[in-house]
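The values are calculated or read from the model by the stated rules, or taken from the named source; none is laboratory data. Values in this document were obtained by computation on a predicted structure and should not be read as measured data. Cβ coordinates were reconstructed from backbone atoms using ideal geometry, including for glycine residues, and neighbour counts include every protein chain displayed. Areas reflect the complete protein model, heavy atoms only, side chains present, ligands, DNA and RNA absent. Shrake-Rupley method; radii C 1.70, N 1.55, O 1.52, S 1.80 Å.
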Amino acid sequence: MMERSLDSLRENIKIIQDRVAEAAFQSGRNYKDITILAATKMVAPQILQSAIDFGIKCVGESRVQELLQKYVYFKEKECQIHFIGHLQRNKVKHLIGKVDMIQSVDRLLLAQEISRLSVIKKAVTEVLIEVNIGKEGSKSGVDVENLEELLYEISELPGIKIRGLMAIPPVCEDKKLKENYFLLMKRLFVDLSAKNIYNNIMDYLSMGMSSDYYEAILHGANMVRVGSAIFGKRNYGV
Ligand SMILES: *Cc1c(COP(=O)(O)O)cnc(C)c1O
């Protein structure tokens, strides 16, 4: 590994930590109340391990196969491992007992499989419910209209615990439009948390990526998922 790229990795992480602290302060919260998740897809093991050495405490992978390949490298370090990508039911078995959180639960059948396998492994799997906030046909996530019902259904299942909501708002240049998506998510999060559904603690609102994590925090996110702003434009190879 070249010293220079390690230096820029260290520098990128520092910049993000500082901006997260600033956004937290601007929105009346503490730096430590915000989780910075490093999205590590396509990032080589050596580099993701350095990122952890430089202060990253939580990583997210979007493909099951890739997560399994890198699992030993994560485990050599102290970090939380989250799954953040689209998840097929037949792949759930690879994740249970391995990941700290699955952020992309968007349908009952998937939740039932997580529940079933968690019970067998005597584990409780923590999840976020992914919301398709922009109503995009191409994206995963439950529609807003069906969100509350899904929360109630999942909260009755054993071995699975809902910790909050996740969203990937549509790519849009219009700042106001993007803000509206964040605000809508914040409102859903606050309203549904207040319902105290079967005592599930909804304490994470995961939204904001490299281009918009600052704004996401200003509008209520307490977990941001940052990839390219930390690692560069995904050209490291695995
Ligand atoms: C890749 C990825 C991110 C990070 O995206 P960047 O734009 O590189 O910061 C965040 N969330 C999910 C679900 C991802 O797959």
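For V105, the residues whose modelled amide H falls within less than 5 Å of its own, excluding neighbours fewer than 5 places apart on the same chain, are L128, E130.
3J(HN,Hα) couplings calculated from phi for segment 31-43 with the Karplus curve 6.51 cos²θ - 1.76 cosθ + 1.60 (θ = phi - 60°) are, in sequence order, 3, 6, 7, 10, 9, 9, 9, 8, 7, 9, 4, 6, 9 Hz; Gly and Pro show x.
Taken along the Cα-to-beta-carbon direction at a fixed 7 Å, the label points for Q17 and A44 span 2.4 nm.
Here the Karplus relation 6.51 cos²θ - 1.76 cosθ + 1.60, evaluated at θ = phi - 60°, turns the backbone of segment 147-164 into coupling constants of 5, 5, 4, 4, 4, 4, 5, 5, 5, 8, 7, x, x, 9, 10, 7, 9, x Hz, with x for every Gly and Pro. The solvent-accessible area of I15, taken with every protein chain present and a 1.4 Å probe, is close to 80 Å². Distance between the 7 Å Cα→Cβ label points at R187 and S5: 4.5 nm. Among the protein heavy atoms of the chain, carbon and sulfur supply 50% of the accessible surface, probe 1.4 Å, non-protein parts ignored. Counting 0.36 nm for each residue step from K195 to K175 and taking away their Cα separation leaves a gain of 4.1 nm. Computed extension length for K121-K91: 9.3 nm, one decimal, from 0.36 nm per residue of separation with the Cα-Cα distance subtracted.
A 1.4 Å probe run over the chain, with the rest of the protein chains in place, finds 49 Å² accessible per residue.
Residue pairs exceeding 23 angstrom between C-alpha atoms, taken from K135/K161; K32/K186; K57/K122; K135/K178: K135/K161; K57/K122.
Amide H to amide H, with H built 1.01 Å from N, S210 comes under 5 Å of G227, S228, A229, counting only residues 5 or more places away or on other chains.
Placing a label point 7 Å from the Cα of L108 along the Cα-to-Cβ direction, the residues of segment 136-164 whose backbone N falls under 19 Å of that point are 141-162. Between Y152 and Q69, the simple spin-label model (points 7 angstrom out along Cα→Cβ) gives 4.4 nm.
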